[in-house]
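Reading through the structure tokens given below for one structure.
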Amino acid sequence: MKKILLSIFLICYTILYASGQSYDFQSQRFQNIGPVKNGSRVVFKVENINTFRYKVNIEGANVIYVTSVPVVLQQLFGLEESTEKAAKTTEGVAEATGAKEDMASLANSLAGVAPAAGLKREMDVLVSLCKTFIDKASAVNKIILRRNELIMVSKQKWQTHTDLLSAMPGPAFSISSMHNSIQEFWNTYQTAETQYEIALEEAKATPSEADDKRIAMALERFEEGYHKINDDENLLKMAKDVAVLQNTLINPANFMVSSAPIQATGDFLTFKVTIEPVETNALLPYEAKQVAEVEIPVKSGLKIDFSVGPAFSFGRRANSESYTLTAVESNTSLNTLRDATTQNKVVPGLAAMMHMCSRIGKNLAVGGMFGVGTNFTTDNIKVSYYVGISAVLGKAQKLIFSGGASLLWVDKLKDYYKAGDSYDRSLSTADFVEKVYRFSPFLSISYNLAKKEPGN
């Protein structure tokens, strides 16, 4: 019991909290297409589409959800056969009506004929039963005609479900009333056929041989009419078809197709909707298959990307300090230390960066970054580090702007030396500087190395 309750709860939760995106078949527009929350379950719907006429395939991620027309409804699309059956039923009613009129004429001709008094009584009963049979046969014929009308309604290209409802024939037939009509049709036939036999035997006892031949011919027409209506067709199945069509056509759910919920875990959810007319033998205008595709961005959840591109560090702290030595004229044993560092120089480098941001489902995402790169100089290659913020641009998220602090390996004057002072001439410029890491601002533009791949 607990498992059943848990299953019901999970199903209800999925339905209530599934994010719905849709495609309107009539206007051929996507609706409610917006970012969906990471981890949520997304249901894609195709609205205002007659699922009796069109087959809809919805492909989401790696799963294809096919909503083909149910087999029981596809079987109802044998319109040519149904039309033929309706025509045969109409002919059967006409045959029975003709036989009844002939028997009524015979009954009237026997009025006042004393030797045929017994036959007259049986003929009156027969005519009454024939009238009842015709009424019951007409009721069965209405069921068959209603089936054809409903099939025709199901095949039309309706703009909305309301338009379809306005074309529905009415009032609706209940399954119980149709079963009663069919059963009464069968019972009345058996009663009328028995009365034909009684009347035929009574006619054989009269002096006129023409009467029994006339009744026998009418009986033959009566039976022929019955078999045209009943035939080998399952009338109860025809009634069931009518009930199924009535219930499904008035249900608005059959004017919409929904995919199963798909959990959003990547950067985008992709849906491909394929719509094609169901093959029928009705004379309907040709319609080509339609294909519509849409990408739905996913928001929230941590996204990590990698990129490579140039990084430009700038400012005095980005440069290695450079110094020169000049001789002191008054003292040949000393050199003066002079600052030769280039001011406001931009230091280019090539960096490989990792970007971390939250998915927001928009064309601009801001997050943190960390990178490792190299600064190219004329004499060596120096490893550098970068930390800051990134702006990931565009739907495809290929272009990334970054900025922050770079940690560069540079030359710096040792603390106990000072530019402008004089020092022993035995010291070279390399003796005055040391290698240190120093922070400086940087800007970078890089290309996202990520490529689109289908999710699981």
I'd like the residue in the range 319-331 that is crowded, with 17+ Cβ neighbours inside 10 Å and at pLDDT 80 or above and, out of all such residues, is farthest from Arg425 (Cα to Cα).
Tyr323
Keeping to the range 348-362, report how many residues are out of contact with any Gly (no Cβ under 6 Å at 6 or more places or on another chain) and over 14 Å from Gly403 (Cα atoms).
4
Looking at this structure, is Thr188 of a type in the set (S, T, N, Q) and either surrounded by fewer than 16 Cβ atoms within 10 Å (Cβ to Cβ) or free of Cβ contacts under 8 Å to residues at least 12 places away in the same chain (or both)?
no
Which of the residues belonging to the range 425-444 are modelled with pLDDT of 85 or more and either outside the structural domain of Leu334 (by TED's automatic domain parsing) or exposed (fewer than 15 other Cβ atoms within 10 Å of the Cβ) (or both)?
Glu434, Lys435, Val436, Tyr437
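Yes/no matrix, rows are residues, columns are (1) charged (D, E, K, R); (2) at pLDDT below 75:
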{"residue": "Phe77", "(1), (2)": "no, yes"}
{"residue": "Thr90", "(1), (2)": "no, no"}
{"residue": "Val125", "(1), (2)": "no, no"}
{"residue": "Leu129", "(1), (2)": "no, no"}
{"residue": "Glu149", "(1), (2)": "yes, no"}
Those residues that are touching a helix residue (DSSP H, G or I) at 6+ places or on another chain (Cβ under 8 Å) and under 20 Å from Lys136 (Cα atoms), I need them from the range 187-221; list them, please.
Thr188, Tyr189, Thr191, Ala192, Glu193, Gln195, Tyr196, Ala218, Leu219, Arg221
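Against the definition (closer than 29 Å to Thr90 by Cβ and surrounded by fewer than 17 Cβ atoms within 10 Å (Cβ to Cβ)), how does Gly170 come out, yes or no? Spell out how you get there, then give the answer.
Numbers: closer than 29 Å to Thr90 by Cβ: yes; surrounded by fewer than 17 Cβ atoms within 10 Å (Cβ to Cβ): yes.
Answer is yes for this residue.
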How many of the residues making up the range 204-243 are more than 25 Å from Val93 (Cβ to Cβ) and either assigned to a helix (DSSP H, G or I) or among the β-branched types (Val, Ile, Thr) (or both)?
6
For the range 295-309, enumerate the residues that are touching a residue at least 60 places away in the same chain (Cβ under 8 Å) and either in contact with a His (Cβ under 6 Å, 6 or more places away or on another chain) or among the β-branched types (Val, Ile, Thr) (or both).
Ile296, Val298, Asp305, Val308
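Just to be sure before I move on: is Lys303 at pLDDT below 80, surrounded by 12 or more Cβ atoms within 10 Å (Cβ to Cβ) and in contact with a Cys (Cβ under 8 Å, 6 or more places away or on another chain) in the structure I sent? Let's see the steps before the verdict.
Values: at pLDDT below 80: yes; surrounded by 12 or more Cβ atoms within 10 Å (Cβ to Cβ): yes; in contact with a Cys (Cβ under 8 Å, 6 or more places away or on another chain): yes.
Taking the combined requirement at face value, the residue satisfies it.
The values are calculated or read from the model by the stated rules, or taken from the named source; none is laboratory data. The structure presented is a predicted model; accordingly, all values stated were derived computationally and were not measured. Ideal geometry is used to build each Cβ from the backbone, glycine not excepted, and the neighbour counts take in all protein chains shown.
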